[in-house]
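The values are calculated or read from the model by the stated rules, or taken from the named source; none is laboratory data. Nothing here was measured: the structure is a model prediction, and the numbers come from that model. Glycine also receives a Cβ, built like all others from the backbone with ideal geometry; neighbour counts cover every protein chain displayed. The accessibility values were calculated without ligands, DNA or RNA, using every heavy atom of the protein model including side chains. Shrake-Rupley method; radii C 1.70, N 1.55, O 1.52, S 1.80 Å.
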Amino acid sequence: MTRQNDIDFLGDFRMVIDGRTEGSEKTIEVINPATEQPVGHAPDCSADQLDAAIASARQAFMSWKATPIAERQALLRAIADRIESIVEPLALLLTREQGKPLADARGEILRATQWFRFYAEQDLPVGRHTEPGGQEVTVRRVPLGVVGAIAPWNYPISMALWKLAPALLAGNAVVLKPSPFTPLTTLKLCEALIDILPPGLVNALSGGDNLGPWISEHPGIDKIAFTGSTATGRAVMRSSAANLKRLTLELGGNDPAIVLPDVDVEETAGKLFWAAFRNNGQLCVAAKRIYVHDSIYDDFAAAIGKIARSTAPAPGEQEGAVLGPVQNRIQYDKVRGLIAASRAAGLGFLSEPGSFDGPGFFIAPTIIDNPPEDARIVQEEPFGPVVPLLRYHDIDEVIRRANESEYGLAASVWAKDADLAEEVAVRIESGTVWINTAHILSPSIPFSGRKQSGIGVENGKEVLLEYTGIQAIIR
Ligand code: NAD
């Protein structure tokens, strides 16, 4: 039995399989992006260990699916209590491996815990009606089996717990796989749950590039809940075809923000700065294209440029840090490449990325001044601290430009006239539109990507339908 007080949160990272911790023959090194030094080594799960985890999850599923919902709800509350009791050591570890400021790491974990509290209050709907011929029909929602939950590196804990809470409430067992860039906090969090979970109900596996494909191909997994890039989402879909796995795919975005001419420029620039640069822009729903009306463009550019020039990134553990480093070397190089391409194309900069001398993958918030619509910085998802500010002239034009994207994740509209903003909002092809705010994500609001941004839904009561199948009983 593991007690959270006995856990060394900063060392000896092990997977959780069948209610026990396990190392592995090989390991992967996890780098602190603020120092480029190792934070620790995570097990590199073998194919045999994956088989063992899935076998134990299948075993746990047999009794969990028959466990009364009140007991499942109670377990969700116990998980929330346990995570809340270890926020501080988890947050420090999350900052070291992910890079984000300590306050943001703490916030991520505490907010994600609310998903357990919300789903602990939910039930599975049962539909009943009588057919014209007199037959009584009961429509039940039944759990699917073993869920493979695959998370990215930008919000490792939220993206894992958004899946875990509804999957468990619905009666499924879970095999959870964090990103190889940020596996450590997830492993420790799951280790800290061992003594309150039935063995095998939640397995946490870390590994390199093989592990994701093994999970999405494995016949012992019934559903994949995936958050990551659109390219990987396509690969998951292909390899899930063999046993027709159920899929939820939360993928990339290139979210437009539309600023109407009646806004308070200073106030909106302040809010939009954080809508674009929170977590260094490494947020699926960051504002990634900011369209500003021609009549206020120059004032807006001056205001947001000033904020960017006075907001420097710093190591996440440093007192007062508001932005950390970019999370990993690959992403750092990709973002620097986009900045270099913008410079080579002769584009103007409202704020500069700063020096790349290191140590650490630091890039200051960089704003590109009105690039052409076909520039790479407008068309691609940078997923880093660089954003284009774009000039528009009329509403129809900006809506067309906003919608000319393969993505449809989220968007925002900024205006004093909120009714006018809503008229714009309904014409945007995205699963979420915020008006005069951004990043309001809650367990009670369904979150869903349109077009190449995903399939299915997370959050809301709607997600419970994604973790269950239908059984109609007619008598
Ligand atoms: P990624 O697609 O590279 O990796 C995501 C996860 O998938 C990782 O755990 C990775 O190890 C795993 N993986 C890689 N190849 C796999 C395969 N073939 N089969 C199964 N799993 C595989 O994404 P990332 O770089 O970690 O995250 C950044 C991307 O995630 C961005 O595009 C961002 O917009 C997106 N994202 C989307 C949301 C959302 O809710 N829509 C939220 C956060 C991030």
How do 72, 141 rank by accessible surface area computed with a 1.4 Å probe, from largest to smallest? 141, 72
Can you give the angle from 0 to 90° between the axis of helix 297-309 and the longest principal axis of the chain, with both taken from C-alpha atoms, to the nearest 10? 60 degrees
Charge tally in the Cβ shell below 15 Å around residue 214, where Lys, Arg are +1 and Asp, Glu are -1, residue 214 excluded: -1
Ellipsoid semi-axes in whole angstrom, largest first, where each is sqrt(5λ) of the Cα gyration tensor of the chain: 38, 28, 19
Packing-based order for 217-224, 16-23, using average beta carbon neighbours within 10 Å, highest first: 217-224, 16-23
If I stretch the segment between residue 340 and residue 475 completely, what's the gain in nm (0.36 nm per residue apart, minus their alpha carbon distance), one decimal? 41.8 nm
With r defined as the distance between the Cβ atoms of residue 329 and residue 309 and R0 fixed at 30 Å, what FRET efficiency is calculated, to the nearest 0.05? 0.70
Taking the Cα atoms only, what angle lies between the long axis of helix 265-277 and the longest principal axis of the chain, rounded to 10 degrees? 50 degrees
Between helix 47-64 and the chain: long-axis angle, C-alpha atoms, 0 to 90°, nearest 10: 70 degrees
Trypsin sites (Lys or Arg not before Pro) within region 361-420: DSSP coil, no more than 16 neighbouring Cβ in 10 Å: 416
First check a/c for region 214-288, with a ≥ b ≥ c the square roots of the eigenvalues of its C-alpha gyration tensor; if it is under 1.5, answer rounded, and if not, answer prolate when a/b is larger than b/c or oblate otherwise. prolate
All alpha-carbon distances of region 1-64, grouped into 10 Å bins from 0, give the whole-percent distribution 19, 39, 32, 9, 1
What is the local net charge at residue 144, summed over the other residues whose Cβ is closer than 11 Å to its Cβ (Lys, Arg +1; Asp, Glu -1)? +3
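Any chance you could run the full-extension gain for residue 137 through residue 229? It's 0.36 nm times the residue separation minus the Cα-Cα distance, nm to one decimal.
Length gained between residue 137 and residue 229: 29.0 nm.
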How large is log10 I(q)/I(0) at q = 0.20 Å⁻¹ when the Debye formula is applied to the Cα atoms of region 267-343, each weighted equally and without solvent? -1.06
For the chain, what proportion of DSSP beta bridges, expressed in % and rounded to the nearest 5, is antiparallel? 45 percent
Taking 8 Å as the Cα distance limit and 6 or more residues as the minimum spacing, I'd like the relative contact order of the chain as a percentage. 18 percent
Using the C-alpha gyration tensor of region 255-442, what are the square roots of 5 times its eigenvalues, in whole angstrom, with the largest one first? 26, 17, 16
Mind giving me the nanometre distance, one decimal, between the label points for residue 195 and residue 462, set 7 Å out from Cα along Cα→Cβ? 4.1 nm
16 Å Cα-Cα reach of residue 245 towards aspartates and glutamates, excluding residues that sit fewer than 8 places from it in its own chain: 217, 222, 466
1/(1 + (r/R0)^6) with r = Cβ-Cβ of residue 123 and residue 81, R0 = 25 Å, i.e. FRET efficiency to nearest 0.05, evaluates to 0.75
